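J.: One structure, as structure tokens, below. Some questions next.
The values are calculated or read from the model by the stated rules, or taken from the named source; none is laboratory data. These numbers were taken from a predicted model, which means no experiment stands behind them. Every residue, glycine among them, receives a Cβ derived from its backbone with ideal geometry; neighbour counts consider all protein chains shown.
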Amino acid sequence: MIELWTNLPDVDSSKVRRLKRDEYDRMVELGMFEREHVELIRGVIVRMSPQGAPHAGAIEALTELLVTRLVGRARVRVQLPLLAPDDSEPEPDLAVVDRGNPHQAHPAAAHLVIEVARTSGRYDRDTKGPLYAEMGVAEYWVVDVAARSITVYRDPRDGRYAHVETPETTESITLVAFPDVSIRVATVLGL
């Protein structure tokens, strides 16, 4: 995992005070981040990168593909919070969750989480990936629009994914939780 705070001279990391999710949520309620797109990861408020056209295009393609195939069976959340361990509240680009009541609380579980990256691939892989594995997310994709690839992580164990693959652009990915749903890699990447 990447250390999420900058080393400060003469400050022991054990003295760094991280936020808890309820503190972060209260700050959000008070409007402290109205002009910023941020998320809470491992007790640290992290600014999210702006989206270019390839990033936005992948999110739009995935949203359309997943919503049309999962309507009535699951909810597809786009850039909305998930409840993670007490010190995290990530906002993945997409999450496929149980239907539940969206007006009660953010979900704490997901069948599939997808992050779209142009420059954040290492962060998505090394920091957010283990977090999603700890949450028990069965399937996690990192869509790298710069490299034109999708890396699929499955089988979470002990804070990491035991199975990792990068299908070819000519292949499709079948969802673990919905084996009747397959997504063509090329379609997601706009190829």
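J.: Of everything in the stretch 29-62, what is in a helix (DSSP H, G or I) and over 23 Å from Ala146 (Cα atoms)? Give them in sequence order.
T.: Hit for the stretch 29-62 is Glu29, nothing else.
J.: Could you tell me whether Val152 is assigned to a strand (DSSP E or B), in contact with a strand residue (DSSP E or B) (Cβ under 7 Å, 6 or more places away or on another chain) and either of a type in the set (Asp, Glu) or without any contact (Cβ under 8 Å) to a residue 40 or more places away in the chain (or both)?
T.: So Val152 passes the test.
J.: Looking at the stretch 170-178, is at least one residue crowded, with 21+ Cβ neighbours inside 10 Å and free of Cβ contacts under 8 Å to residues at least 60 places away in the same chain?
T.: No, the stretch 170-178 has no match at all.
J.: Moving on. For Asp87, which of the numbered conditions (1) in contact with a strand residue (DSSP E or B) (Cβ under 9 Å, 6 or more places away or on another chain); (2) at pLDDT 95 or above; (3) of a type in the set (Asp, Glu); (4) farther than 18 Å from Tyr153 by Cα fails to hold?
T.: If we test Asp87 against (1) in contact with a strand residue (DSSP E or B) (Cβ under 9 Å, 6 or more places away or on another chain); (2) at pLDDT 95 or above; (3) of a type in the set (Asp, Glu); (4) farther than 18 Å from Tyr153 by Cα, just (2) comes out false.
J.: For the stretch 174-191: of the residues being of a type in the set (Gly, Ala, Ser) and out of contact with any strand residue (DSSP E or B) (no Cβ under 8 Å at 6 or more places or on another chain), which is nearest to Pro54 (Cα to Cα)? Steps first, please.
T.: Residues of the stretch 174-191 that are of a type in the set (Gly, Ala, Ser), as a first pass: 177, 182, 186, 190.
Filter once more, keeping what is out of contact with any strand residue (DSSP E or B) (no Cβ under 8 Å at 6 or more places or on another chain): 186, 190.
On the way: Ala186: 13, Gly190: 8 Å.
Taking the candidates together, the pick is Gly190.
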